[in-house]
Amino acid sequence: MLPEIGHFALILALIAAVLQVALPSMGLWRGNVALTQLSKPLLWMQFFWILVSFALLMNAFLVDDFSVKYVASNSNTQLPDIFKISAVWGAHEGSLLLWALVLSVWSVAVSIFSKRLPSEVLNHILIILGLISIGFLLFLLLTSNPFERLDIVPIQGRELNPLLQDFGLIIHPPMLYMGYVGMSIPFAFVLSSLIRGQLDSTWLRWSRPWTLVAWAFLTFGIVLGSWWAYYELGWGGWWFWDPVENASFMPWLVATALVHSLSVSEKRSAFKHWTVLLAISGFSLSLLGTFLVRSGILTSVHSFASDPARGFFILVFLMLVVGGSLSLYAWRANLMCSNNSFEPLSRESGLLTNNILLVAATLVVFSGTLYPLLLDSLGWGKISVGAPYFDVMFTAVMIPAVLVMALAGFLRWKKDKLDRVVDITIHTAFVASTITLITYFAIDNIYVVLATFLSSWVILHSLLLLAQRLRQRGNPGTAFLGMVVAHIGIAVFLFGATVTTQYGVEKDIKMSLNETVEIKGYAFTFKGVSALQGANYTGNKGVIDVAYQGAKIATLKPEKRQYVTGMPMTEAAIDPSLFRDLYIALGESLGEGAWSLRLYYKPLIRWIWLGGLLIMLGALLAAFDRRYRLKYKVKS
Amino acid sequence: MMYLWFILMLVISALWLSWFLYRPLKTSAFNLEKSNIALGRQKQTELEQDLQNNLIDEQVFEQAKDEIVQTLSVEIEQTHGTTATDDTQQSVSIGLIMLIVAFLFGASLLVYQSLTSYTTVTEVRVQSEKVPTLAQSIARIKQRVEEKPDDVKAWRMLGLALFESGEVKPSLKAYERAYQLDPKNVGMLVEYASTLAVSQNNQFTGRVSSLVREALEINANSSDALYLAGWVALNAQQLDLAQKLWQKALSLLAENQPERGTLQRMLNELAQIQNKDAQPAQQHQVTLNITLSERLHQAEFQNHYLMIYVKAARGRPMPIAIQKIQLKDFTGVVTLTDENSVMPTKKLSQSSKVLAVVRLSKSGSAMRQASDIEAVSQIIDVRDNPTVELKL
């Protein structure tokens, strides 16, 4: 009976969302405050019933209710409880329910923490969010009911994909969804402004902190995904240009452009066209990501659900969202004109250049991801766009973006003088070039030399900017500090990614008992393999002693697992540190005690995720700036 | 009972909604105009700070200041152009509240009714409030096919359920009925062919072969049908064809599908067979020392059968080599060799990691029955010619 209650709770949430759109709209039309003010209570009601539904699905997993098709397909009695919980969002239906829950969480947060937003604006925003909710709840109920029952109840369930039986899965999807769905907030702000015909300072001011928080979550979700792929997939890679990775990366690039565009619009009332289009694109790309994953047109580790009917539903939804919002944009385009001028050498120009480059980078990823699908669907043949295309094209666009990024903070609003800019740049360029030159003599890799220049260029400018601000104002403000931290994060990421790609060592070898192999001064000694028995798998565990300069520094135990369903899984063993990772994956038995092993030496790989975390921290610092706690002087 | 819960949920929702209709939330203390003015002021203050800190010169300051004022005047003008709502708190008439509550009740229950096909089977399930056993499910599906003899889905489910419970012949009858009703259903054809193969001691010949062919004619890219077609080819000693079919099936499966592991192993084993065909094969055997408990020495068990076999440690649980002995003829030791292999193309000696199994069955059926007693060994390697101790 509990699954039926969960199903009914979802229906109640849908009805609440319908009323959340209908009643306040009627109130706005008729000038009835009582109806208008219903948007919040109806939103809270919607949130409550989605939460009940989610809790009941989780309960079905925990009590092994295999009469629920979704539970029977993704869990079994041997699955540890922690993975039964994460299995709730381990496949299509549950992850969609999580999406709906996250959307309601964001909406409730907006309704609670927007006390400085006038009610008329907030109610419009909640109506838009209600409309999005209706779309997702209908999608759940019509095509992806997580509470569907089985007529024949299996005695045992199937298996959660072993790739997903991991700590990373417990937090990666919720965080990524927080980012994905978070992009609906700036979208709702923009749409409500377009509908009201008031693209004013209020909209610009209050949508920025929400965009920053969504961007922080998106960054964190992508970082977690990359980290999970690194240690779980057993290939030692951290980014594969997988179409679904790209699907989350595109909204990130657009959100990055949006937070910068918003800062110009907010401060200088310029770039409103950009800001509106970026907000619409950001959410549309989030929906596109969902469409790509759920339609089944992609084959990757993420496309665990494939159903053309579902894909069709999202495609129609996407067309309505994109078509509807662009039509509104065209209708209100005249309201976005600004007479505020700026010179070619100004902060506005710097940020505009960076925005153009970020959009170009998005188009590179977009075309590389969708072009093969387009060709295939038109019957013009199958092509594969892989890492070489993305590496070359993306890098070509991002190098100037990084150069400009460091400079833009120094430029003054409206207009600046070339000699002043040259005066600053010449010093930082000299120091960055000196560091690069030293690197050039120490190593012979052009990519690392280039990365050293770009990273030191960004870090030097960021620190100089911070010193300048401290001298001028004493307290730089958290928004400013956030910008510095995020830019340093980009530099750290860039350096780490380049060094690990260029200097990483990978060896696929056969090792016999007590045989030693040396990589970059680290001696790996194979000590054999023992049998392994887990809660829902059997397998083998290898033991490898690692020594450096004669002293043992670690014992690594990579595993090869065989899950109940028969799916094999590699569990890599990693000795992590800030400057290098030692990574071992166990291969196959080659007889007579010998095994195939993959050994990796990964210098500075942790810097990639450290950079990502710094970007996230920067975004959060900026979101909680004092400027967003503005007190109005209200006369009673 | 379930509807009582639904009513309770609806009552909670209706009370919540009615309360806020009766006592609406207060509107924000700020209107749009005040908000934009406050923000304009803040911008102006920041601009003055920039001037003080020498970040802009006087001329730029004046320009920017004018722009702030202009922007604010445009915003105020836009605000005035819109219809302002009455700030006084308005309540809603009782009639409208009733209408909204009625909509809440009616729409929720109507949507629920239209989304659920509320059949007798599900009603029984919900009322029993516990997960039914396989036997109960079979009884309900039988009831269903009696009520609706043309329900293809139910016949197919019955076939599957009967197969799961070890009733192979009745399962085949159910599948045959489903086949007559809908011969173009690839999933059903694959299940039917698999069941038929099991009933023929895993021989993928005759009707099995034609069913698989029919499935592939309907959908040449069905990975399940391709998998079975590979077995048909293997049965016919067409190793290259089997390899091609399995490779195609593998290419159609997504990276994360567990079936890939099984197919990959089948292909590896096929490659080993193809390699070994060129060399004189080495013969291997598995010896099982089986100890019976005191109870099994009683006369009532003497006509029972011992099914002694080895099966692959991973993948499909089909026996590789098997001996079937009546308990009265059993000596305690059984040796499985290539002569006991089930498939001519998959000899025991060609296997590596296997499990040895001994099962006591009253009927001697190939499928495991609920009353059977079974013992399974640890994973052993056939290449070591192992001797296994099992207790029953």
Just one of (1) at pLDDT below 90; (2) farther than 30 Å from A:Phe136 by Cα; (3) more than 23 Å from the chain's Cα centre (by Cα) trips up A:Leu375, so point out which. (2)
Let me confirm something: among B:Ala154, B:Ala178, which residue is small (Gly, Ala, Ser), assigned to a helix (DSSP H, G or I) and under 21 Å from B:Phe204 (Cβ atoms)? B:Ala178
State whether one or more residues within the stretch A:133-152 are in a helix (DSSP H, G or I), away from chain B (no Cβ under 12 Å) and free of Cβ contacts under 8 Å to residues at least 40 places away in the same chain. no
Output for Cβ contacts, cut-off 6 Å, separation at least six or different chains, first residue more than 20 Å from B:Leu252 (Cα to Cα) in the stretch B:219-241, second open to solvent by 30 Å² or more (accessible area, probe 1.4 Å) and part of a loop (DSSP other than H, G, I, E, B), reads B:Asn235/B:Thr205
So in the stretch A:364-403, with the set limited to residues that are in a helix (DSSP H, G or I) and hydroxyl-bearing (Ser, Thr, Tyr), which one is surrounded by the most Cβ atoms within 10 Å (Cβ to Cβ)? A:Thr369
Considering the stretch A:286-296, residues that are in contact with a Ser or Thr (Cβ under 8 Å, 6 or more places away or on another chain) and of a type in the set (A, V, I, L, M, F, W, C), and then whichever is modelled with the lowest pLDDT, we arrive at A:Val293
Out of the stretch A:511-526, which residues are loosely packed, with under 14 Cβ neighbours inside 10 Å and part of a strand (DSSP E or B)? A:Thr516, A:Glu518
Check A:Ala34, A:Ala22, A:Ala91 and return the single one that is within 11 Å of another protein chain (Cβ to nearest Cβ), closer than 23 Å to B:Leu109 by Cα and surrounded by fewer than 22 Cβ atoms within 10 Å (Cβ to Cβ). A:Ala22
Among the residues of the stretch A:102-122, write down those that are within 9 Å of another protein chain (Cβ to nearest Cβ) and either modelled with pLDDT of 90 or more or outside any helix (DSSP H, G or I) (or both). A:Ser114, A:Lys115, A:Arg116, A:Leu117, A:Pro118, A:Leu122
List the number of the failed condition for B:Gln279; all other conditions in (1) modelled with pLDDT under 80; (2) open to solvent by 50 Å² or more (accessible area, probe 1.4 Å); (3) in a helix (DSSP H, G or I); (4) not β-branched (Val, Ile, Thr) hold. (3)
With respect to A:Val529, determine if the residue is over 37 Å from the mean Cα position of the chain (by Cα) and not polar (S, T, N, Q). yes
Could you list, in sequence order, the residues of the stretch A:73-88 that are open to solvent by 10 Å² or more (accessible area, probe 1.4 Å) and over 25 Å from the mean Cα position of the chain (by Cα)? A:Ser73, A:Thr77, A:Gln78, A:Pro80, A:Asp81
Just for the stretch A:409-453: of the residues that are closer than 30 Å to B:Ile56 by Cα, in contact (Cβ under 8 Å) with a residue 40 or more places away in the chain and not aliphatic (A, V, I, L, M), which one is surrounded by the fewest Cβ atoms within 10 Å (Cβ to Cβ)? A:Lys417
Does A:Ser456 satisfy the criteria of being assigned to a helix (DSSP H, G or I), at pLDDT 90 or above, among the polar types (S, T, N, Q) and crowded, with 16+ Cβ neighbours inside 10 Å? yes
So, in the stretch A:536-587, exactly how many residues are polar (S, T, N, Q), part of a strand (DSSP E or B) and within 14 Å of chain B (Cβ to nearest Cβ)? 4
Across the stretch A:550-597, what is the total count of residues that are open to solvent by 60 Å² or more (accessible area, probe 1.4 Å), hydrophobic (A, V, I, L, M, F, W, C) and within 20 Å of A:Asn514 (Cα to Cα)? 2
Within the stretch B:311-326, the count of residues that are touching a helix residue (DSSP H, G or I) at 6+ places or on another chain (Cβ under 7 Å) and either modelled with pLDDT of 85 or more or part of a strand (DSSP E or B) (or both) comes to 4
Does A:Gly27 satisfy the criteria of being farther than 23 Å from A:Gly157 by Cβ, open to solvent by less than 10 Å² (accessible area, probe 1.4 Å) and within 11 Å of chain B (Cβ to nearest Cβ)? yes
Inside the stretch A:51-65, can you point out the residues that are touching a helix residue (DSSP H, G or I) at 6+ places or on another chain (Cβ under 6 Å) and either open to solvent by 50 Å² or more (accessible area, probe 1.4 Å) or within 21 Å of A:Gly534 (Cβ to Cβ) (or both)? A:Phe61, A:Leu62
Would it be correct to say that B:Asn201 is outside any helix (DSSP H, G or I) and farther than 19 Å from B:Pro170 by Cα? no
Across the stretch B:1-60, the tally of residues that are over 30 Å from B:Ser93 (Cβ atoms), β-branched (Val, Ile, Thr), surrounded by 12 or more Cβ atoms within 10 Å (Cβ to Cβ) and more than 8 Å from chain A (Cβ to nearest Cβ) stands at 1
Criterion: touching a Phe, Trp or Tyr at 6+ places or on another chain (Cβ under 7 Å), assigned to a helix (DSSP H, G or I) and in the same structural domain as A:Phe113 (by TED's automatic domain parsing) - qualifying residue of A:Val52, A:Val71: A:Val71
Under 9 Å between Cβ atoms, at least 6 apart or on separate chains: pull out the pairs that start in the stretch A:15-35 with a residue that is more than 16 Å from B:Phe103 (Cβ to Cβ) and in contact (Cβ under 8 Å) with a residue 12 or more places away in the chain and end on any residue that is of a type in the set (Val, Ile, Thr) and surrounded by 18 or more Cβ atoms within 10 Å (Cβ to Cβ). A:Leu28/A:Thr36; A:Leu28/A:Ile127; A:Leu28/B:Thr85
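Residues are listed down the side, and each one gets a yes or a no for (1) assigned by TED's automatic domain parsing to the domain that holds A:Ile5; (2) open to solvent by less than 10 Å² (accessible area, probe 1.4 Å); (3) of a type outside the set (Lys, Arg):
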residue: A:Val110; (1), (2), (3): yes, yes, yes
residue: A:Arg116; (1), (2), (3): yes, no, no
residue: A:Leu129; (1), (2), (3): yes, yes, yes
residue: A:Phe139; (1), (2), (3): yes, yes, yes
residue: A:Glu148; (1), (2), (3): yes, no, yes
residue: A:Ile170; (1), (2), (3): no, no, yes
residue: A:Met178; (1), (2), (3): no, no, yes
residue: A:Ser184; (1), (2), (3): no, yes, yes
residue: A:Phe189; (1), (2), (3): no, yes, yes
What about A:Lys69, is it open to solvent by 10 Å² or more (accessible area, probe 1.4 Å), of a type outside the set (A, V, I, L, M) and farther than 21 Å from B:Ser18 by Cβ? yes
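The values are calculated or read from the model by the stated rules, or taken from the named source; none is laboratory data. This is a predicted model, so every value here is computed, not measured. Don't worry about glycine lacking a Cβ; one is built from the backbone with ideal geometry, like all the others, and counts go over all protein chains shown. Heads up: the accessible areas ignore ligands, DNA and RNA and are worked out on the full protein's heavy atoms, side chains in. Shrake-Rupley method; radii C 1.70, N 1.55, O 1.52, S 1.80 Å.
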